[in-house]
Amino acid sequence: MCSEVLAIEARHIGKRFIANRGPWRSFWHALRGTHGASDGGYQALRDVTFSVARGETVGFIGRNGAGKSTLLQILCGTLRPSSGTIHVNGKVAALLELGAGFNPDFTGRENVFLNASLLGLPRRQIAARLPDIQAFAEIGEFFDQPVRTYSSGMFVRLAFAVMAHVDADILVIDEALAVGDAHFTQKCMRFLHSFRQRGTLLFVSHDTQAVTGLCDRAIWLEDGVVREEGSAKSVCESYLATLFGTEQRAAASPSAAPAKARILHDQRQPWLNRSPLRNDIELFAFQAEATRFGHGSASIDKVVLLDEDGRELSWMVGGEPVSVEIHATCHATLQAPIVGFYVKDRLGQTLFGDNTFLTCRPGPARHGQRLVARFSFHLPYLPAGDYSLAAAIGDGTQDDHVQHDWVHDALFFRSHSTSVSTGLVGLPMQRISLETASPE
């Protein structure tokens, strides 16, 4: 890719931290450039190469200690790489460690001037934007209190407020947003979605749903190296498989189109007659070769959608009662089997789902025994687009279990909606009214 359209270009980045042997020993190693394995240090990054185009949003995922924060600090210039080169085109604003760039004895107001000036904003512009920064942070009287008195959430509020008002070309967001309350986190996410329209965003999170919902691409770091790079959805799916301690057992060809289901019957007309909304949903057959992972003591054999009479569906309109039916086979004894599903959009964001743990505990399932889980609900209205249903079977509790088979795209949907819905899904309303009332 031409360097003129790149925001970041990193080539063969390596970073080694030297063991703490006193300042003079560290100074001697720095002068000689001897930062090899003999120094007893730690290699945080190894031969990391990637590029980010202008206007792109890239997520970084990986376990703790994988090297994500170290890489972002190198991108921001607060750390120097031990090897390799990095070119950053544009002004960078970062939200990394809590309190980074703040003087703990300064007030919030004083730290705004300090932090914004470090990011290249003239004092006159900082003063002009100060009311907006104060309003965004929403920390009230603490704005004029020393930041050493702040909670972690207040740190994030102030740091994000400054970062949002310094006209950065590149934003770097580490896991710091995880400490914020729900109200402020949603406010930050709205800003980030808006920023994506004009700038470049690097986003680090353990929340794969946030990465798939916000990012175009994802880079998975493991033990200081790039393990996988690609679309946010595919990389996050691979990461989740490894997170459960398993490898993918089968993968469908990316170019293979899902096989179309046999049209069993057309259930659209009765529901179209009852509702002015049009939300035709086309279904495809169970994807037996879909990407899946698990320990293998049980397997998902079939996933179907049924109408309220138990007949298999190939078309739906939204709003009607349906059932998701998941068929599985045990290849060993499961002491406490759990079966569940998620419905996801094309980005891999989970829209809704459920599992059997809280309501169905049938006891152990023996080797060779078949299990059938059924979930009945009214189908929401889905905006036009492609959707998939993931199905899984595990053993244990909701918080502590082993995944035996997780099928990422067991079923595909294609919604041809002509209805207007607000949000990711539309609820099938039972009644909508608008009445006039006399003034009190």
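Odds and ends about this structure:
- If only residues of the range 157-213 that are among the small types (Gly, Ala, Ser), over 24 Å from residue 53 (Cβ atoms) and modelled with pLDDT under 85 are counted, the one that is surrounded by the most Cβ atoms within 10 Å (Cβ to Cβ) is 176.
- Residue list for the range 101-113, restricted to those being closer than 14 Å to residue 161 by Cα, open to solvent by less than 60 Å² (accessible area, probe 1.4 Å) and either in a loop (DSSP other than H, G, I, E, B) or not polar (S, T, N, Q) (or both): 101, 102, 108, 112, 113
- Qualifying residue in the range 417-437 (condition: at pLDDT 70 or above and touching a helix residue (DSSP H, G or I) at 6+ places or on another chain (Cβ under 7 Å)): no
- Options 200, 185; residue that is of a type in the set (S, T, N, Q) and touching a strand residue (DSSP E or B) at 6+ places or on another chain (Cβ under 7 Å): 200
- Being touching a residue at least 24 places away in the same chain (Cβ under 8 Å), open to solvent by 30 Å² or more (accessible area, probe 1.4 Å) and either farther than 25 Å from residue 242 by Cα or in a strand (DSSP E or B) (or both) is a description that applies to residue 342.
- Qualifying positions in the range 193-219 - in a loop (DSSP other than H, G, I, E, B) and under 17 Å from residue 234 (Cα atoms): 205, 206, 207, 215, 216
- If you go through the range 88-109 and keep only what is under 19 Å from residue 141 (Cα atoms), in contact with an Asp or Glu (Cβ under 9 Å, 6 or more places away or on another chain) and modelled with pLDDT of 90 or more, you end up with 107, 108, 109.
- Whichever residue in the range 347-362 is of a type in the set (S, T, N, Q) and in contact (Cβ under 8 Å) with a residue 24 or more places away in the chain and, among such residues, is nearest to residue 398 (Cα to Cα): 355
- Leading residue by the ranking (most open to solvent (accessible area, probe 1.4 Å)) among those in the range 135-153 that are farther than 17 Å from residue 103 by Cα and acidic (Asp, Glu): 141
- The range 41-99, residues that are farther than 23 Å from residue 206 by Cβ, open to solvent by less than 50 Å² (accessible area, probe 1.4 Å) and small (Gly, Ala, Ser): 41, 51, 53, 55, 84, 90
The values are calculated or read from the model by the stated rules, or taken from the named source; none is laboratory data. Bear in mind the structure is a predicted one, so any value in this text is a computation, not a measurement. Because the Cβ atoms are built from the backbone with ideal geometry, glycine has one as well, and the counts that use them run over all protein chains shown. Please note that ligands, DNA and RNA were not included when accessible areas were found on the heavy atoms of the full protein model with its side chains. Shrake-Rupley method; radii C 1.70, N 1.55, O 1.52, S 1.80 Å.
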